[in-house]
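Read through the structure below, which is laid out as structure tokens, and then see the notes.
The values are calculated or read from the model by the stated rules, or taken from the named source; none is laboratory data. For clarity, every value in this text was computed on a predicted model and none was experimentally measured. In case anyone asks, the SASA skips ligands and DNA or RNA and just uses the protein heavy atoms, side chains included. Shrake-Rupley method; radii C 1.70, N 1.55, O 1.52, S 1.80 Å.
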Amino acid sequence: MAFSTVRLSGRFIPLLFLLVSASTAAHVTWIEPSAFLARPGDRVELTLRVGEEFVGDTLVYLPQWFIRFSLFHDGKETPVDGDMGDDPAGKILLPGPGSYLVLYENRPDFVELEPQKFREYLRENGLEHVIGKREALGESAEPAGEYYSRCAKTVVTTDGDILAGASMPTGCTLDLLLESLPGRDGETRFRLLFNGKPAAGVLVTGITRATPQARLGARTDREGIVHFPPLHPGTWLFSAVQMIREVREKAKWRSYWASMTFRLE
């Protein structure tokens with residue numbers, strides 16, 4: 001379900017909300033820039049996608065859908081340019097050399113899944129503790145209502161210094177930071193924060209566009225650190241999901257998603 005580039009009137013927005021809510025259940029949201037490596041003065045377009053294994057539907061630019069759509073550079077956060085209904089959803093101008101981080105943080109949304117689909121989604125994302133909690137509460141056979149928030153990031157550079165952008169904290173509830181990106185020797189290290197504190201025991205996964213089925217996966221330690229071997233060249237997507245018990249309105253669960261894309265040459 002891809003959306004074309006159109007200007008949307010207010011009466012179409014509620015229906016579009018429903019369609020997107022249905023399509024995003026248990027899927028990752030990520031940002032695809034038109035170029036990961038650009039030159040100072042270049043304009044880079046930003047496509048928002050939701051799906052799996054680098055295949056997904058696009059999201060248009062609608063301020064009703066997000067809390068922040070921002071560019072981080074040189075210690076400053078500025079809004080990403082976009083017009084109602086744009087697809088690609090945004091565009092940035094790179095005024096000078098350096099590393100640029102783009103953030104898209106959606107407004108919390110609601111979805112309800114049938115028991116089996118919810119169980120599969122939990123297993124796929126390393127959320128077995130929620131399966132156990134539902135069993136202990138006698139809720140395993142019930143549909144599951146969930147509010148979810150997504151924090152998607154991408155790094156665009158003029159000099160290949162990915163770490164300078166990928167290590168910037170953004171204040172998202174679930175914030176994925178890249179802290180070490182070695183060459184062929186050493187390890188790749190991420191830090192995952194939940195409410196600004198280390199998030200322990202959370203599954204972090206990574207895939208490349210070239211071989212999306214070959215998934216890396218490891219859990220964070222007590223300090224919120226997760227280790228991977230050196231990464232080979234290509235376009236990478238790393239993501240993580242944290243879910244907590246939160247009973248309100250139609251839902252009993254609250255999930256927070258973090259993703260990051262970057263390209264290694």
For the chain, what's the relative contact order in percent, using C-alpha pairs closer than 8 Å and at least 6 residues apart? 18 percent
No solvent, one uniform scatterer per C-alpha: report log10 I(q)/I(0) for the range 184-265 via the Debye equation at q = 0.10, 0.11, 0.16 1/Å, two decimals. -0.29, -0.35, -0.67
Using a/c under 1.5 as the rounded threshold, could you call the range 57-175 rounded, prolate or oblate? The axes a ≥ b ≥ c are square roots of the C-alpha gyration tensor eigenvalues, and prolate needs a/b larger than b/c, oblate otherwise. prolate
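Could you work out what % of the accessible surface of the chain is carbon and sulfur, using a 1.4 angstrom probe and leaving DNA, RNA and ligands out of the count?
On the way: 6400 of 12160 Å².
Carbon and sulfur atoms account for 53 percent of the accessible area of the chain.
For the chain, what does the alpha-carbon gyration tensor say about shape, rounded, prolate or oblate, given a ≥ b ≥ c as the root eigenvalues, a/c under 1.5 as rounded, and a/b over b/c as prolate? Don't jump to the answer; show the numbers that get you there.
Working: a/c = 1.88, a/b = 1.18, b/c = 1.59.
Verdict is oblate for the chain.
Given the -39500 (n - 2.57) contribution per DSSP H run of 4+ residues, what per-residue ellipticity at 222 nm results for the chain, rounded to the nearest 500 deg cm²/dmol?
On the way: 4 runs with 36 residues, N = 265.
Dividing the helical sum by the residues of the chain leaves -4000 deg cm²/dmol.
With every protein chain kept in place and ligands, DNA and RNA left out, what is the accessible area per residue of the chain? Probe 1.4 Å, answer in Å².
46 Å²
Say the cut-off is 27 Å between C-alpha atoms; which of K91/K252; K76/K153; K91/K117; K117/K197; K117/K250 go over it? It would help to have the intermediate numbers written out before the result.
Details: K91/K252 37 Å; K76/K153 16 Å; K91/K117 36 Å; K117/K197 31 Å; K117/K250 18 Å.
Among K91/K252; K76/K153; K91/K117; K117/K197; K117/K250, the Cα-Cα distance tops 27 Å for K91/K252; K91/K117; K117/K197.
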